[in-house]
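What follows is calculated from the coordinates using simple rules that are stated; it is not laboratory data. Since the model is a prediction, treat every value here as computed from it, not as a measurement.
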């Protein structure tokens with residue numbers, strides 16, 4: 001009987017360990033962003049006084065436009081292997097806050113799954129009572 005109790009206890013321990021081992025922590029989005037990304041497409045919709053006036057879709061060849069994101073909060077964009085610009089980034093919920101070298105701050109919604117990285121943002125300007133806006137989306141794939 002003592003042997004059966006020990007065997008039962010051992011089985012319970014293995015069962016508990018198996019359940020605990022199956023639980024996975026959510027991937028840290030910041031860690032998923034680290035690395036080199038190829039810009040694959042952009043989608044831009046232009047509005048003037050909230051009326052859609054134009055829409056453009058662009059596709060790119062892998063390696064043509066790349067983005068290197070570092071764990072230290074810095075990112076560098078390359079166009080055909082030459083540095084195009086750089087910026088600093090931090091995450092705040094579903095927003096990536098991008099600060100250019102000149103201090104301009106842009107907030108963009110982001111989504112990342114380790115293979116695809118998507119950024120969505122809007123740029124708006126009002127001049128003489130008229131508003132121009134562009135809604136932008138960039139899709140990157142892991143290098």
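Per 0.36 nm of contour for each residue apart, how much would the distance between residue 124 and residue 70 grow if the chain were fully extended, relative to their Cα-Cα spacing?
Using 0.36 nm per residue and subtracting the Cα-Cα distance, I get 16.6 nm.
If you take the alpha carbon radius of gyration of segment 25-85 and divide it by 2.2 N^0.38 Å, what ratio comes out, to two decimals?
Here the Cα radius of gyration is 1.48 times the empirical estimate.
Grab the eigenvalues of the alpha-carbon gyration tensor for segment 29-142, scale each by 5, take roots, and send me the semi-axes largest first in whole angstrom.
Those come to 25, 17, 14 Å.
Work out how much length residue 92 to residue 53 would gain on full extension: take 0.36 nm times their residue separation and subtract the Cα-Cα distance, in nm to one decimal.
The span from residue 92 to residue 53 would gain 10.8 nm if fully extended.
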